[in-house]
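Remarks on the structure that follows.
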Amino acid sequence: MQVSSDYMTYMVPDLYRTVRSFPDGRRNCYTLGPLQGSNYLIGARFMYGNYDGVNSIPKFNVYIGVNFWMQVELSAADFRLFPELIYAPPTTTDYIYVCLVNIDQGTPFISALELRPLNNSVYKSQSGSLSRQNQYDVGGTKDDMSYILKEDKYDSIWTFLPQCGFQDWEFFSENVAINPANTGAYKIPSIVLSTAAKPLYANDSLVCSWNSTDPMAVVYMFWHFAEIEEVGLNDTREFQIYMSGNFSSGPISPRYLEAQMIASPATPLNGSTFWFSINKTSRSTLPPILNAVEFYTQISLPQSATNDEDVEAIVDVKRNYRVEKVWQGDPCLPAYPWDGLTCSSNDSYSSPRIISVDLSLSALTGNIPPSLLNLTSLIFLNLSNNGLTGTIPEFLAELPSLKVIDLSRNRLTGSVPRALTAKLNNGLLTLSLGNNPNLCTSDPCEKKQNKKNREYKLLVPLVSLASLFLIVLMTVAVFCACKLKRRRGTHYFHLTVLCCFFFSLIWTNGLILLK
C-alpha cells in the first residue's frame with residue numbers, strides 16, 4: 001500500500017514509500033529463518049505517510065521473539081523511524097519472530113523489515129541484545145543529516161554528528177580510499193572513514209555527551225579510527241579514550257588508511273548524563289581524531305518462549321487441520337496467545353504451557369491427531385461442532401491434567417475407550433459426546449454388538465449346511481428329470497429343469513434375507 005503522494009518527495013527513500021498494515025488480529029508476526037549460531041542485524045523501518053487517508057498516526061508495540069523491543073510512536077506523518085537490533089537467536093529455536101501487537105491505538109503497519117547476518121566476532125554483548133541508538137559519520141556534512149550509503153553492506157542509517165561538547169570541533173576529509181580488506185570485521189564504509197573530526201585547538205580534547213531518558217540504561221560504545229592524513233616523520237598522533245563509568249582505553253595510534261575499532265564494555269549509566277572524552281597523550285604532537293562512532297544500549301530479553309513440546313504439538317495440529325485462524329509466532333507470547341488457546345501464567349524463568357485448546361466451529365475434518373498427547377499440561381479440550389471422523393483415541397485418557405473434553409456434534413464412530421469411561425465414572429473428567437450418530441456411548445450398545453456378533457457366527461454354519469443341501473437336492477432333481485425324459489419326452493424334461501431353477505432361486509433369496 002503506497003503512502004500519500006504528499007509524502008513522496010525525492011528525499012524519501014523507496015523503502016519508505018509503501019507500507020503493509022495489519023488490521024486483523026491482535027498480533028501479527030514475521031517469521032524469519034536464520035542460520036543457527038549467528039548474530040543478526042534486524043532493521044525495521046516505519047513511516048506513516050497517511051497511507052490510509054485517515055491522517056491519524058497509530059501507536060503499537062513491536063516484539064522480538066516473545067520479548068518487548070519497542071513502542072512505535074511517530075511524531076509526524078513524514079517522520080521516519082529506523083530502529084535496529086543486533087540479535088543472537090536462542091539455540092533452541094529455528095526461527096526469529098518479529099511481531100507487531102495492536103494496543104487499541106490504531107492499526108499497526110511497517111514500511112520494511114531487514115535481516116542481515118553479522119560476523120560473530122563483532123558487536124558482542126554480555127547479555128541480551130544491542131539496540132542501535134545511532135551511527136555517527138563524524139566528518140559528514142550537515143546537508144546529509146541521515147542517509148544510507150550504497151557502500152554499506154548492511155544498509156545502515158548514518159547520521160551527521162553535530163558538535164556535542166564544550167570545545168569546538170574541526171571536521172575534515174581527505175580524498176583517500178581505505179581498502180575494504182583493511183576495514184576490519186566491522187566493515188565500516190570507506191567513505192565514512194575518509195572523514196573525521198579533531199579539536200579546533202591542538203591541545204583540546206574531543207568531548208561528547210548525551211542526556212539519556214533511561215538513567216538505568218546499559219551502554220556500549222564502538223569508536224572507529226583511521227589515519228587519513230599523512231603524518232610527518234617527526235609527528236605523532238596518540239590519544240586515550242575516557243568514558244563515564246570509569247572506562248578508559250589507550251594509548252591509541254591509528255595507522256594510515258587502516259581501520260581500527262575500540263569497544264567499551266557494558267557500562268551502566270547510573271544517571272541521566274553519558275559522556276566520553278578523547279584526549280591526546282603527553283608524547284603526541286598531533287590532536288586526537290575520530291572518524292565514526294556507534295552508540296548502543298543493551299536490551300534485556302528475559303522472557304522464556306512456550307514449552308518446546310507444546311509448540312511442536314500445536315504446530316502439528318495447525319498443519320494437520322489447516323487451521324485458518326491467525327496463528328503466528330509463539331503460541332503463548334507475546335501479549336496475546338493464539339486465538340483459541342489459553343496458556344499458564346509464568347515468570348521470566350519458566351516457559352508457559354498450553355492448558356486449553358478450543359477449536360470448536362473451526363471446520364476441522366479427519367481423525368483426532370495423536371500430537372495432542374504431547375500437550376501434557378492440557379486441562380480443557382474443545383473440538384465440538386466440526387466434521388471429525390474415526391474413533392475416539394485411547395491416548396486422551398493418558399493426558400494427566402485433562403479435566404474437560406467436548407467432542408459433541410461431530411461424525412465420530414466406534415465406542416468410547418474404557419479408560420475415559422472410568423475417569424468419567426470416577427468424577428475425574430467431564431465428557432461431552434452428544435450428536436455423534438454413529439458413536440456407541442454406553443455398555444448396552446457394546447453388549448448388543450457382541451450379541452449380534454454371536455448370532456452372525458451361528459448363522460454362518462447354518463447357511464453353509466443349507467447351501468450344501470440345495471446342491472444335493474438339485475443334483476437329485478436333474479437325475480430324476482433325465483430318467484423321466486426317457487419315459488415321457490423332452491417337454492416334460494424342460495418343465496422339470498425349469499421348476500428346479502425357480503426352486504433354487506427362491507431358496508437362495510431366502511438365504512440372503514436370512515443373512
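Rule-based calculations on the coordinates, nothing more; no lab input. Keep in mind it's a predicted model, so treat the numbers as computed, not measured. Methodologically, a virtual Cβ is constructed for each residue, glycine included, from the backbone with ideal geometry; neighbour enumeration extends over all protein chains shown.
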#### Entry: Formal net charge of residues neighbouring residue 24 (Cβ-Cβ distance under 13 Å; K, R +1; D, E -1)
+2
### Task
With a/c under 1.5 counting as rounded, go ahead and sort region 180-244 into rounded, prolate or oblate using the C-alpha gyration tensor (a ≥ b ≥ c being the square roots of the eigenvalues; past the cut-off, prolate if a/b is larger than b/c, else oblate).
oblate
#### Entry: 5 angstrom amide H check on residue 355, placed H, neighbours 5+ away
342, 343, 344
### Message
Just to check I understand the Karplus step: with θ = phi - 60° and J = 6.51 cos²θ - 1.76 cosθ + 1.60, what whole-Hz values come out for region 430-442, glycine and proline as x?
### Response
9, 10, 10, 10, x, 6, 10, x, 9, 9, 8, 10, 8
### Query
Once you wrap a convex hull around the alpha carbon atoms of region 28-104, what is its projected area averaged over all directions, in nm²?
5.4 nm²
### Query
Among the aspartates and glutamates, which have Cα under 15 Å from the Cα of residue 280 when same-chain residues fewer than 8 positions away are ignored?
204, 227, 235, 238
### Summary
Amide H proximity to residue 170 below 5 Å, modelled H, separation 5+ or other chain, gives 198, 200
## Note on the structure
At 10 °C and 1.306 mPa s, the Stokes-Einstein diffusion coefficient in µm²/s for region 1-131, with hydrodynamic radius from the Kirkwood sum on alpha carbon pairs, is 102 µm²/s
### Query
Taking region 213-296, how much of its Cα-Cα pair set, in percent, is spaced more than 16 angstrom apart?
54 percent
### Summary
In order over region 303-309: 3J(HN,Hα) from phi, Karplus 6.51/-1.76/1.60, θ = phi - 60°, whole Hz, x for each Gly or Pro, gives 6, 7, 6, 4, 3, 4, 5
### Query
Relative contact order, percent, of region 198-307 when contacts are C-alpha pairs under 8 Å separated by at least 6 residues?
44 percent
### Longest to shortest principal axis, alpha-carbon extents of region 328-401, angstrom
41, 25, 16
### Summary
GluC sites (Glu not before Pro) in region 165-257 lying in a DSSP loop, each with at most 12 other Cβ atoms within 10 Å of its Cβ, come to 230
### Query
Amide H of residue 130: which non-local residues (sequence gap of 5 or more, or other chain) have their own amide H closer than 5 Å, using H built in the peptide plane?
86, 299
### Query
Residue by residue, what Karplus-based ³J(HN,Hα) values in Hz, rounded to whole numbers, does region 390-401 have, using 6.51, -1.76 and 1.60 with θ = phi - 60° and x for Gly and Pro?
x, 9, 6, x, 5, 5, 4, 6, 8, 6, x, 9
### Task
Report P(r) for region 230-389: all Cα-Cα distances, bin width 5 Å, range 0 to the bin holding the largest distance, values in whole percent.
1, 7, 13, 13, 9, 6, 5, 5, 5, 6, 7, 7, 6, 5, 3, 2, 1, 0, 0
